[in-house]
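Presented below is the structure to which this report refers.
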Amino acid sequence: MNPTTCDPVILTTVVYKLRPSKAQLRLLEEPLETRRWRSNQALAARKTAWQERRESRSCADQCRWLTTLTPDHPTLATVHSHVL
């Protein structure tokens, strides 16, 4: 075969349909539920701070506050920080 000739490249796509079991589905949904809970807690804290004290919370303040929640909620420790 001559290396200077261009051979056409054939690309194929394979699609897999996932059918997780109930246990696997629960494991897939856990990070999403944890993220949703954390976001709701953060929103509630911002809303309360504004309504009660007219105080705006910075992102850094909120991140520091959210790290204090981890010992009280073990599910936060099981989810990777990039997901949160």
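Taking every Cα-Cα distance in the chain and sorting them into 10 Å bins starting at zero, the pair-distance distribution P(r) comes out as 13, 29, 19, 12, 11, 9, 5, 1 percent.
Fully extending the segment from Lys47 to Leu69, taken as 0.36 nm per residue of separation minus the present Cα-Cα distance, adds 6.2 nm.
Each value in this text was obtained by applying a stated rule to the coordinates, not by laboratory testing. Keep in mind that this is a model prediction, so the values were computed, not measured.
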